[in-house]
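J.: One structure follows; several queries about it will come next.
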């Protein structure tokens, strides 16, 4: 965790009473902002909070999808806690979502994603990561608009899973949605990061603070 950071949960003190999306305000339990190391080189971005995250206010905990991501982070040395931890002890990684509130019966609308975009943009700007992991098709397409020269509709999360895409100032390493991942897909992602990302100097010259 960054030496100047007091908390892993919502470390940028973003609005936890946000009312920008009336429909989601009625269905959510918590506004789920980002969690983790504010000096991280790795940023994982999902589409929306799962059931466990909505109940706890902490991203990617309390359900099978969350446990799968926490397992991945542990395998990559980015988490010091077991996959079922209620408050993961993360290092060099930050986890967040396109949208901060959960609707239990549907995916977020384009308008809801747009309403949350300032939160995500602020997290990306303040963290300034080296590697961004978009989790699923929606996250991949959203990031493609801003950070690559390719058309969003040219990306396929299934085909791009566990590969590296060079973007504008970052590298993207896409991942299939956690609730659709098989153990084989999970291990392929872990292996790619260990061999192809950790195995070279992925750090770019961007005036990062020393570690």
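Values quoted throughout were computed directly from the atomic coordinates according to the rules given, and no laboratory measurement underlies them. All figures in this text were calculated on a predicted structure; none of them were measured in a lab. Positions of Cβ are generated from backbone atoms using ideal geometry, with glycine treated the same way; all protein chains shown enter the neighbour counts.
J.: Based on DSSP H runs of at least 4 residues, each adding -39500 (n - 2.57), what is the mean residue ellipticity at 222 nm of the chain after dividing by all its residues, to the nearest 500 deg cm²/dmol?
T.: Calculated mean residue ellipticity at 222 nm is -9000 deg cm²/dmol.
J.: While we're looking at this one, here's another question. Using per-residue counts of other Cβ atoms within 10 Å, averaged over each peptide, order 169-182, 54-67, 107-120 from highest down.
T.: Ranking, from highest mean packing down: 54-67, 169-182, 107-120.
J.: Taking a quarter of the surface of the convex hull around the Cα atoms of the stretch 1-108, what do you get in nm²?
T.: Over every viewing direction, the Cα hull of the stretch 1-108 projects on average to 6.3 nm².
J.: How much of the DSSP bridge set in the stretch 30-197 is antiparallel, in percent, rounded to the nearest 5?
T.: Once the DSSP bridges in the stretch 30-197 are tallied, antiparallel ones form about 30 percent.
J.: What is the gain in length, in nm to one decimal, between residue 149 and residue 114 on full extension, counting 0.36 nm per residue of separation less the C-alpha to C-alpha distance?
T.: Value of the extension gain: 10.6 nm.
J.: Fewest first, what order do 35, 147 take by the number of other Cβ atoms within 10 Å?
T.: Exposure proxy ranking, most exposed first: 147, 35.
J.: Could you give the length gained by full extension between residue 166 and residue 125, i.e. 0.36 nm per residue of separation minus their alpha carbon distance, to one decimal place?
T.: The span from residue 166 to residue 125 would gain 13.0 nm if fully extended.
J.: Please tell me the relative contact order of the chain in percent, rounded to the nearest whole number, where contacts are Cα pairs under 8 Å and at least six residues apart.
T.: 19 percent
J.: Kirkwood hydrodynamic radius, the chain, all distinct C-alpha pairs: what's the number in Å?
T.: Computed over the chain, the radius equals 17.1 Å.
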